[in-house]
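Everything below concerns the one structure shown next.
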Amino acid sequence: MAGTRVGTVRGLWRYPVKSMLGEELAEADVAERGLAGDRAYALLAAATGRVVSAKNPKRWPRMFQLRASYVSRPSPGGPLPAVRIEFPDGTEVESGGPETEERLSGFLGGKVRLVTSTPERAAVEEYTPPIPGLEEGFGEFQIPPGPFHDSTPVHVVTTATLARLRDRYPEGRFDVRRFRPNVLLETDGQDIEGVASLGESSGSQTSYQFPEANFSFGTPRGGCRTVPMRNPSPRNLGVPRRRFSPSCARRG
């Protein structure tokens, strides 16, 4: 596919367990459902059956203190490797371990189960904070079967968007890790996301090609929030994947 070079992949991340910290990668296998192993595990609240999410920090404020990594590299279509979860004190548990769910439940303050699938469309917990234009409250949204992605399987943020956010809100801290992207794309000052007003979207469709990987993105409507810090715009940040050819994504 012919095209124009738009940037360089400067960061690549995978999050084995939904809403936990993940692992930074040099390369990753990519398939139709995103990076192999990304958000393949999740915690379910035993009391409600909902997916535990950092989008509900009122109930689960300690999720971002846990870090997950795979014991071996996952591959598209292959068996899912075990996942290792590290606590803030440096101790670890592994999926399938006899005390894993008990330790996670005690740390998080509520009984949870570590799962790789649900019998039907999973419901994810969320909390809307009292910020201008939004009504405070608790709720849920459903996600399709498969990996526990909120919407689309790959999330890309560009350096141009982060620079624009800093310009618009100098008091804020816009560390790329706040937005939990799979890919950080260095764009040499270009804003290729179609988000001229910090995420205001027109529903346009754009395609990008990287070595060994083809991306096709749109700019959907909707919103995301950062936790626990407030985002000055409640709209989309970054570009969610629309189609992704099987490939290997690499930094550089």
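The values are calculated or read from the model by the stated rules, or taken from the named source; none is laboratory data. This structure is a prediction, so every number in the text was calculated from the model and none was measured. For neighbour counting, all protein chains shown are included, and Cβ atoms are generated from backbone atoms with ideal geometry for every residue, glycine included.
Here are some conditions: (1) touching a residue at least 40 places away in the same chain (Cβ under 8 Å); (2) part of a loop (DSSP other than H, G, I, E, B). Residue 119 meets all but one. Which one does it not meet?
Status for residue 119: all satisfied but (1).
Go through (1) touching a strand residue (DSSP E or B) at 6+ places or on another chain (Cβ under 8 Å); (2) aliphatic (A, V, I, L, M); (3) outside any strand (DSSP E or B) for residue 165 and report which single condition fails.
(1) is the only condition that residue 165 fails.
Return the residues of the stretch 20-54 that are among the hydrophobic types (A, V, I, L, M, F, W, C), closer than 24 Å to residue 125 by Cα and not in a loop (DSSP other than H, G, I, E, B); say none if nothing qualifies.
21, 35, 42, 43, 44, 45, 51 - these are the residues of the stretch 20-54 that are among the hydrophobic types (A, V, I, L, M, F, W, C), closer than 24 Å to residue 125 by Cα and not in a loop (DSSP other than H, G, I, E, B).
Among the numbered criteria (1) surrounded by 15 or more Cβ atoms within 10 Å (Cβ to Cβ); (2) under 22 Å from the mean Cα position of the chain (by Cα), which one does residue 101 miss?
(2)
Among the residues in the stretch 123-130, are any aromatic (Phe, Trp, Tyr) and surrounded by 17 or more Cβ atoms within 10 Å (Cβ to Cβ)?
yes
Between residues in the stretch 62-84 that are among the basic types (Lys, Arg) and residues that are not in a strand (DSSP E or B), which pairs lie under 6 Å by C-beta distance while being six or more apart or on different chains?
Correct list of pairs: 62/108; 84/71.
Can you go through 100, 91, 48 and tell me which one is of a type in the set (S, T, N, Q), touching a strand residue (DSSP E or B) at 6+ places or on another chain (Cβ under 6 Å) and farther than 16 Å from residue 22 by Cβ?
The match here is 100.
Among the numbered criteria (1) touching a Pro at 6+ places or on another chain (Cβ under 6 Å); (2) surrounded by fewer than 14 Cβ atoms within 10 Å (Cβ to Cβ), which single criterion is violated by residue 39?
(2)
Quick check: anything in the stretch 86-93 closer than 16 Å to residue 148 by Cβ, part of a loop (DSSP other than H, G, I, E, B) and either of a type in the set (Asp, Glu) or in contact (Cβ under 8 Å) with a residue 12 or more places away in the chain (or both)?
Looking through the stretch 86-93, none of the residues is closer than 16 Å to residue 148 by Cβ, part of a loop (DSSP other than H, G, I, E, B) and either of a type in the set (Asp, Glu) or in contact (Cβ under 8 Å) with a residue 12 or more places away in the chain (or both).
Given the conditions (1) buried (at least 18 other Cβ atoms within 10 Å of the Cβ); (2) part of a loop (DSSP other than H, G, I, E, B), and given that residue 173 satisfies all but one, which numbered condition is not satisfied?
(1)
Residues of the stretch 8-18 being among the hydroxyl-bearing types (Ser, Thr, Tyr) and modelled with pLDDT of 95 or more, which ones?
Scanning the stretch 8-18 gives a single hit, 15.
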